[in-house]
Every structure is written in structure tokens, then in C-alpha cells.
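What follows is one structure encoded as C-alpha cells, with my remarks underneath.
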Amino acid sequence: MKVLEAYQIPIISLEDKAYQYTFSGNDTFFAAFEQDWVEKGTFNVTVDLTKSALMIQVQLQITGSIELTCDRSLELFDHALAVNEKLIFKYSDHSEDMGDNLFLLDRKEPKLNLSQDIFDFIALEVPMKKLHPRFLVEGTDTERDEFIYTTDRADANQTKSAEEATDPRWAALQKLKDLK
């Protein structure tokens with residue numbers, strides 16, 4: 001798509017030195033990927049590209065915000081972005097994703113397309129549990145879901161009295177269990 005062409009860097013004519021590029025994006029960038037994960041937002045990307053004879057190192061700094069829907073109240077809210085990632089492209093005779101932000105890049109490739117990488121890093125910033133900031137201010141969920149364990153003697157006495165009050169029919173079975 002033409003929207004994503006703005007995130008390409010012509011690398012075939014670059015000399016072996018450091019360069020800096022800036023990109024910005026909005027809702028049209030997210031619409032170009034035809035997905036429901038992130039649909040609205042604005043961001044700015046600063047790309048520090050260092051080209052050498054063997055590889056290209058790209059440092060991406062993404063700032064901005066994306067619009068998310070709260071899982072609890074279904075309200076829309078803006079989630080801040082602050083991403084700092086490094087990509088390494090090593091020259092090869094074919095293109096391949098090696099994992100861990102390491103890529104093989106065909107030497108004949110004229111452009112470096114960063115649109116998919118930018119989208120992936122933004123999508124990774126979406127939290128698993130999307131909560132409106134007002135719910136985070138009231139108290140974290142860990143306070144409510146905290147499990148407290150005590151070894152109070154009073155609890156042990158209560159369980160013993162509960163065992164004594166068992167049905168006499170089960171007492172015969174309990175005797176069999178104690179024989180083992």
C-alpha cells in the first residue's frame with residue numbers, strides 16, 4: 001500500500017556511515033494492516049541507521065499513544081507508547097528472519113521496509129489486560145487478589161471440631177483409612 005511506502009529507506013545508495021530518519025503515523029497506518037489489534041493512534045519514530053559493509057544496524061525509538069478499549073468498562077482510553085528496540089540486518093544472498101531482531105537481507109534489496117517492524121513493536125506494547133487508567137489509580141488488582149496464609153492455632157481447633165461432628169456413617173470409612 002502507498003501508506004506503508006513512507007516507511008521505506010532506500011539503502012542501496014547509502015554510504016557506510018550513520019544516518020537518522022524520522023517517521024510519524026496515525027490511524028491510516030494501522031488501517032493498512034487490516035487487523036483489529038490496534039486501530040487508532042498516533043506515533044513518532046526516530047530511526048538511527050548505521051550502515052557498514054557487512055550489516056545494517058537500526059535503532060528504533062517509538063513514542064506516542066494508541067487508543068484501546070478497557071476490558072472492564074468498555075471505555076476508550078489512550079495508552080502511552082515508549083519503545084526502544086534494535087534491529088540487525090546482515091547482508092546475505094537471500095532474505096530471511098533469523099529471530100531475536102536479526103534478519104538476513106539480500107544484497108540486491110534496494111529498500112529497507114520498516115513498516116511491519118514498527119507495527120509489531122507497537123502491537124507488543126498493548127497490555128494483556130487493558131484497564132482504563134482510573135482503575136489503576138484506585139488500587140492495583142494484586143491488592144484484591146492477594147492470598148494470605150496463616151498458621152493460627154484457632155483455625156486448627158476449628159477443623160478438629162468440624163471433624164468430630166462428622167456423620168457416623170463416615171466414621172467407619174475413616175477407620176479403614178487410618179489402618180493404611
First in segment 160-180 and surrounded by 10 or more Cβ atoms within 10 Å (Cβ to Cβ), second anywhere and among the acidic types (D, E) and at pLDDT below 65, Cβ under 9 Å, 6 or more apart: Q174/E163
Residue among D71, D16 that is under 20 Å from M128 (Cβ atoms) and out of contact with any Phe, Trp or Tyr (no Cβ under 9 Å at 6 or more places or on another chain): D71
L4 at pLDDT 95 or above and under 17 Å from D120 (Cβ atoms): no
Helices (runs of 4 or more DSSP H) contained entirely in segment 74-172, each with at least 1 residues that are modelled with pLDDT under 80: 133-138, 141-144, 153-164
Selected residue [acidic (D, E) and more than 30 Å from H132 (Cα to Cα)] from D117, D27, D93: D93
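Considering only residues that are touching a residue at least 24 places away in the same chain (Cβ under 8 Å) and surrounded by 12 or more Cβ atoms within 10 Å (Cβ to Cβ), look in segment 84-102 and name the one that is farthest from V58 (Cα to Cα).
If we filter segment 84-102 for residues that are touching a residue at least 24 places away in the same chain (Cβ under 8 Å), which is where we start, we get 84-91.
Okay, now just the ones that are also surrounded by 12 or more Cβ atoms within 10 Å (Cβ to Cβ), so 85, 87-91.
Details: E85: 8, L87: 5, I88: 6, F89: 8, K90: 11, Y91: 14 Å.
Ranking the qualifying residues of segment 84-102, first place goes to Y91.
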Index of the failed condition, T22 passing every other in (1) modelled with pLDDT of 95 or more; (2) surrounded by 12 or more Cβ atoms within 10 Å (Cβ to Cβ): (2)
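The values are calculated or read from the model by the stated rules, or taken from the named source; none is laboratory data. In this text, all values refer to a predicted model and were calculated from it rather than measured experimentally. Note that we place each Cβ from the backbone using ideal geometry, even for glycine, and neighbour counts take in every protein chain shown.
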